[in-house]
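Below: the structure, in structure tokens.
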Amino acid sequence: MIDKSYKTWLTDLKGKIRSAQIKAAVSVNTELIALYWDMGKMITEKQTAWGTGFLEQLSKDLKTEFPGMQGFSRRNLSNTVNFYQFYIASIVQQPVGLIWQQPVAKLPVLENDVKNQQPVDQLQTNSEIVKQPDGSIVQHAVAQIPWGHNILIFSKSKDVYEANFYVHQTIENNWSRDVLGLQIKSGLYQRKGKAITNFSHTLPKPLSDLAEQTLKDPYVFDFMTLSKPYQEKDIENQLIKHIAKFLLELGKGFAFVGQQYHLEIAGNDYYIDLLFYHIKLKCYLVIELKNTKFIPEYAGKLNFYLSAVDSLLKQSDDKSTIGLILCRDKNNIEAEFALRDMNKPMGVSEFNLTEILPEELKSSLPTIEEIENELKYE
């Protein structure tokens, strides 16, 4: 009994220690972002009078004064300037602000197992918007993510709308810097919620809006490399082989159920290409792969599969099954007409692949060494 009591007490103590570690880590990051914001502001105010050349001198002086502290390279000082100038424009142009969403002041007390969760996982969200930004970056969402993530976002985003999207997606999905970089490179902001769907009249709000934002167009499967001619089965097998990357491209909340999922209907066998379950939407997702341009007949077959899944697999607390046709090409007007009178929620998106160059073409291209030698000669 003493051992059991001690173990329970120790678990509770560990939870409190981890909670304190997470709060400390978030606090340190917030103060660092605040420091870089202030540095960017101060340098911006002096650049006109002193010119950009003083950054080199400033870097040397700060490194001498703070030898054990990183972040004072000329490059990073320039990053602080870009950081400040990128976002300060949104305060001037949009008085209400776009990124100025306040984080919840307190982190939840962690009584249970939190050893596998990262600091940003513990942050709750608050949609209240600061109407009069006070210039203190610590009150805003960008202060919740690491500096390296911030650099990626403000240096790769075209405007503050796109930056705002990636800031909050990073917090919500707990993205590492590498994953964030991949999502920016694939143009997630431009693709998210762009699939042609009939959700507005087949799903109730707000489920229809949430489902709409879950799908994207096009899907980018650049983790696969296939040689022509490739078959739908080859694409399907590659997606399953790279299931972790496929799930990342699909987005947060998808759980893989099966490939060529078997259904028996009226004594006949049918096979769904890919079947998933979305944890947040609480519904099944049927994906049909078509290595061709979309034709209206595809919608009819998908509607049949959705009815079957709703009857055979869907539980009483599940929402309506959603379908997605992934094809190589589509005409948006044709796709809209095909889905308009369907009574099951479904969407149509394109997908892109990375194709392997044919051997005969490879042999005609210069090698990396030849290119490097030519550049050296030039």
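May I ask you to list the residues in region 139-186 that are outside any helix (DSSP H, G or I) and on the phi < 0 side of the Ramachandran plot? Quick ask: steps written out before the conclusion?
Our first condition is that a residue be outside any helix (DSSP H, G or I); within region 139-186, this holds for 140, 145-146, 157-159, 174-176, 186.
Correct list: H140, I145, P146, S157, K158, D159, W175, S176, S186.
So which residues in region 292-336 are of a type in the set (S, T, N, Q) and touching a Gly at 6+ places or on another chain (Cβ under 8 Å), if there are any at all? Quick ask: steps written out before the conclusion?
Of all residues in region 292-336, those of a type in the set (S, T, N, Q) come to 292, 303, 307, 311, 315-316, 320-321, 331-332.
Listed by number, the list holds a single entry, N303.
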Check region 124-132 and report whether any residue there is farther than 16 Å from N82 by Cα, touching a helix residue (DSSP H, G or I) at 6+ places or on another chain (Cβ under 8 Å) and either of a type outside the set (A, V, I, L, M, F, W, C) or modelled with pLDDT under 85 (or both).
yes
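Applying the selection to region 314-331, what residues are exposed (fewer than 15 other Cβ atoms within 10 Å of the Cβ) and acidic (D, E)? Even if it seems obvious, please write down each step before you answer.
To start, the set of residues in region 314-331 that are exposed (fewer than 15 other Cβ atoms within 10 Å of the Cβ) comprises 315-317, 329, 331.
Hits for region 314-331 are D317, D329.
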So, of the residues in region 242-280 that are more than 16 Å from the chain's Cα centre (by Cα) and at pLDDT below 85, which turns out to be nearest to A211 (Cα to Cα)?
I243
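Looking at L13, is it part of a helix (DSSP H, G or I), of a type outside the set (V, I, T), more than 23 Å from K156 (Cα to Cα) and free of Cβ contacts under 8 Å to residues at least 40 places away in the same chain? Walk me through it before giving the result.
On the way: part of a helix (DSSP H, G or I): yes; of a type outside the set (V, I, T): yes; more than 23 Å from K156 (Cα to Cα): yes; free of Cβ contacts under 8 Å to residues at least 40 places away in the same chain: yes.
Yes: the conditions hold for L13.
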Given (1) at pLDDT 80 or above; (2) within 21 Å of S78 (Cβ to Cβ); (3) of a type in the set (A, V, I, L, M, F, W, C), identify the lone condition not met by I137.
(1)
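The values are calculated or read from the model by the stated rules, or taken from the named source; none is laboratory data. Only a predicted model underlies this, so the values are computations on that prediction, with no experimental measurement involved. So basically every Cβ, Gly included, is an ideal-geometry build from the backbone, and we count neighbours across all protein chains shown.
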